[in-house]
Amino acid sequence: MKGFEDKRDFYRMMLNSEVAVTVIDEEINTHMSATCRDLSATGMAFEIDHPLALSTQVNVKVDSAGSQIQALDVSGRVVRVEQESNNCYLIGITIEEID
């Protein structure tokens, strides 16, 4: 049975890893670096220096720490935006596809 504090269906791994984020747009795709804070089977949270709009489509690539493990490439949608400080926003996405 899950405790009152944790109602998640999947375990969340806490990370502090650089990731490459691509904002998917009909006109131009914007590329940026971010810091991944956590990752689960259904979502991810990363820090960037400006907010993204809710429902923005993104692609996030997490490089592998070694040659034995494949890099993680996910597509998802922004579901949460929290300003943590000046020029620091925590972006939560729901993972919709894993390549």
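The values are calculated or read from the model by the stated rules, or taken from the named source; none is laboratory data. Given the structure is predicted, the values throughout are model-derived calculations rather than measurements. All Cβ positions, glycine included, derive from the backbone under ideal geometry; neighbour counts span all protein chains shown.
Worth pointing out:
- When the residues of region 65-93 are filtered to those that are polar (S, T, N, Q) and surrounded by fewer than 14 Cβ atoms within 10 Å (Cβ to Cβ), the one that is nearest to residue 20 (Cα to Cα) is 70.
- Residue in region 22-32 that is out of contact with any Leu (no Cβ under 7 Å at 6 or more places or on another chain), in a loop (DSSP other than H, G, I, E, B), modelled with pLDDT of 95 or more and not β-branched (Val, Ile, Thr) present: no
- Among all residues of region 50-57, there is none that is within 15 Å of residue 19 (Cα to Cα) and either in contact with a Cys (Cβ under 8 Å, 6 or more places away or on another chain) or not charged (D, E, K, R) (or both).
- Members of region 23-54 that are touching a residue at least 24 places away in the same chain (Cβ under 8 Å) and among the hydroxyl-bearing types (Ser, Thr, Tyr): 40, 42
- Here residue 62 meets the list (1) farther than 17 Å from residue 15 by Cβ; (2) modelled with pLDDT under 95; (3) surrounded by 17 or more Cβ atoms within 10 Å (Cβ to Cβ); (4) not acidic (Asp, Glu) almost entirely, failing just condition (1).
- Residues in region 62-99 that are charged (D, E, K, R), assigned to a strand (DSSP E or B) and out of contact with any Leu (no Cβ under 7 Å at 6 or more places or on another chain): 73, 77, 80, 96, 97.
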